[in-house]
Amino acid sequence: MRVVYSREDESHLKSKEKEWVAIMEWMYRSTRNAANRVTASQAILQGLAEDGGLYVPEQIPALDLPLAALGEMNYHEVAYAVLSRFLTDYTEDELKYCIRSAYDQKFDTEEIVPIRKADGSFYLELFHGATIAFKDMALSILPYLMTTAAKKNHEDKEIVILTATSGDTGKAALAGFADVPGTRIIVFYPKDGVSAVQEKQMVTQKGANTCVIGIRGNFDDAQSGVKRIFGDEALRKELAEAGFCFSSANSINIGRLVPQIVYYVYAYGRLLAKGELQAGEAMNVVVPTGNFGNILAAFYAKQMGIPVGKLICASNENKVLYDFFQTGVYDRNRAFHLTTSPSMDILISSNLERLIYRLAGEDAKKNAELMQQLASTGRYEITDEMRDNLQDFAGGYATEEETAEEIRTMYEKTGYVLDTHTAVASYVYRQWKEQNHPTAPAVIASTASPFKFARSVMSAIDAKYAGMEDFALIDELSRIAHVPVPKAVEEIRNAPVLHDKVIEIGEMPDAVKAFLKINR
Ligand SMILES: *Cc1c(COP(=O)(O)O)cnc(C)c1O
């Protein structure tokens with residue numbers, strides 16, 4: 001941390017008053033090399049640190065507001081309160097411009113994030129943005145944060161966003177970056193690992209700066225391939241000579257994570273406003289988890305001072321995180337399952353590194369050793385001392401049958417239709433509740449609209465839907481849930497396919513060069 005004067009404010013102040021406008025400026029550090037320090041805007045521009053680490057703030061800022069005030073604030077106000085405390089080298093005008101541009105009519109409700117109470121829990125609906133999954137919460141603002149960062153840092157190269165997707169990030173990033181001047185975006189998705197709606201959303205993407213490619217492999221292959229490209233110095237040089245630089249829209253980018261803290265702070269405010277909580281009382285948070293970004297944001301909200309009780313990490317059958325919380329051993333050497341919650345079909349949860357770094361006492365060397373073990377053996381074990389610092393977390397998982405059962409039970413009991421990912425969290429919470437008898441209310445992160453996974457959702461509700469075609473199912477879902485078909489789904493009903501390339505994992509670097517028209 002260092003203290004600086006806010007230059008924008010200085011001009012209209014007398015010199016004596018200037019002392020009082022001292023604001024904290026946080027620096028960000030790589031989790032693998034303490035000497036690699038950058039500002040917030042530089043961290044966002046780079047995405048991944050060149051040493052392979054992830055940028056983390058040197059300290060989590062306190063949300064120095066009376067909690068009761070949160071009950072009075074709308075989404076934009078909460079977003080400013082959080083972002084201004086983390087992204088300290090952006091000016092007030094810059095942040096407000098980014099927030100205003102991101103959280104507008106792209107969302108189908110003015111609340112941005114409505115909360116639905118069902119069966120005693122609070123479902124935080126994070127799927128009202130352009131692509132009807134929670135990735136919109138961060139990816140509608142990231143292009144603004146990034147292009148602002150480019151201006152601030154006098155970056156004149158064109159930014160190439162490289163993204164690996166398990167289905168939702170890809171479309172949300174495409175929607176955010178399509179036709180944004182000074183940027184190009186390339187998305188790699190597992191050809192057989194996404195839902196029909198997810199794939200159609202991506203391959204119909206318009207915009208001359210967009211490129212969508214299927215790979216013959218799973219999400220981990222795609223993510224590792226992207227990380228390898230980031231680490232390829234020769235390729236980076238070649239790109240720089242052609243006027244390009246890489247960045248990332250995956251949650252390894254701190255610019256994804258910080259906007260995700262906002263809705264946990266906002267949720268606390270809404271529960272206060274509804275009288276479901278008194279200021280200071282705890283809420284538990286349940287998150288369907290894949291890459292560990294969403295739940296890490298909830299952890300950061302807690303570090304800022306939001307009274308979060310337990311952070312309940314819900315996994316599907318790819319329960320590598322559940323096992324980690326049980327045993328302290330992270331082991332990706334296991335069968336990979338394709339499930340009905342594909343956005344959680346992940347065995348290498350990238351953002352866990354940010355938590356490991358913290359558990360290791362912010363020791364970059366220790367963290368780098370563990371990550372090296374993960375890369376070479378697929379496994380690492382944390383010390384008992386580190387495990388003692390995991391008390392905030394609880395883990396659970398749901399099998400495919402349990403996930404389907406949860407969708408059916410919730411629908412029959414309350415009429416509320418959950419998507420498959422939210423159902424994993426909902427089931428895990430139901431189990432946890434039976435064992436722990438909590439008094440605190442639970443906020444369940446609802447990460448996708450059921451329309452995005454209509455086939456799995458409808459088959460869970462009734463086997464009779466099995467033979468129906470995709471869009472007929474969508475219409476039927478709309479009818480039984482009493483929810484209109486979202487615009488994002490209507491748009492792709494008859495849209496032409498614009499991207500049909502499918503490649504092997506090893507061909508990823510060449511595909512990047514081909515799209516950018518760079519030849520050796
Ligand atoms: C990405 C995603 C998740 C997993 O979130 P992480 O931040 O990767 O843990 C869960 N559900 C849905 C619908 C998603 O798109």
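Read-outs throughout are calculated quantities, based only on the coordinates presented, and are distinct from any laboratory measurement. Bear in mind the structure is a predicted one, so any value in this text is a computation, not a measurement. Cβ: placed from backbone, ideal geometry, glycine included. Neighbour counts: every protein chain shown.
When only Cα pairs below 8 angstrom with a gap of at least 6 residues are kept, region 179-251 shows a relative contact order of 32 percent. Between Phe393 and Asp363, residue separation times 0.36 nm minus the direct Cα-Cα distance comes to 8.7 nm. The helix-based estimate of mean residue ellipticity at 222 nm for the chain, built from -39,500 (n - 2.57) per DSSP H run of four or more residues and divided by its residue count, is -13000 deg cm²/dmol to the nearest 500. The dipole here belongs to the chain: it is taken about the Cα centre, uses +1 on the Cβ of Lys and Arg and -1 on the Cβ of Asp and Glu, and is about 540 debye.
The length gained by stretching the chain between Asp232 and Thr439 to full extension, at 0.36 nm per residue less their Cα-Cα distance, is 69.4 nm. Taking 4 °C and 1.567 mPa s as conditions, region 335-478 diffuses translationally at an estimated 73 µm²/s according to Stokes-Einstein applied to its Kirkwood radius (Cα pairs). For the chain, the residue among Asn291, Ala249, Gly305 whose Cα projects farthest onto the positive side of the dipole built from Cβ charges is Ala249.
Over all Cα atoms in region 276-413, the spread is summed up by Rg and Dmax: 16.0, 52 Å.
Rounded to the nearest 20, the Cβ-based charge dipole of region 462-520 about its Cα centre (Lys and Arg +1, Asp and Glu -1) stands at 340 debye.
Write down Rg/Rh for region 147-265, rounded to two decimals, with Rg from the C-alpha atoms and Rh from the Kirkwood relation over Cα pairs. Can you show the working numbers first?
On the way: Rg = 14.5 Å, Rh = 15.0 Å.
Over the Cα atoms of region 147-265, Rg/Rh equals 0.97.
Long hydrophobic helices in the chain: the complete DSSP H runs spanning 27 Å or more by Cα along their own axis with mean Kyte-Doolittle hydropathy of at least -1.0 are 254-273.
Cβ crowding within 10 Å ranks Lys274, Lys171, Lys413 as Lys413, Lys274, Lys171, fewest other Cβ atoms first. Rounded to the nearest whole angstrom, the semi-axes of the ellipsoid equivalent to region 95-212, taken from the Cα gyration tensor as √(5λ), stand at 26, 20, 11, largest first. So for the chain, considering every pair of alpha-carbon atoms, how many percent are separated by more than 33 Å? Across the chain, Cα pairs with separations above 33 Å total 36 percent. Along the Cα-to-C-beta direction of Arg493, a point sits 7 Å from the Cα; which residues of region 108-141 have their amide N less than 18 Å from that point? Answer for this model: 131-132.
Rg/Rh for region 423-481 (Cα atoms only, Rh after Kirkwood) is 1.12. Each principal axis of the Cα atoms in region 196-341 has its own extent, and those three values, largest first, are 56, 36, 33 angstrom. Between Lys117 and Lys464, residue separation times 0.36 nm minus the direct Cα-Cα distance comes to 122.0 nm.
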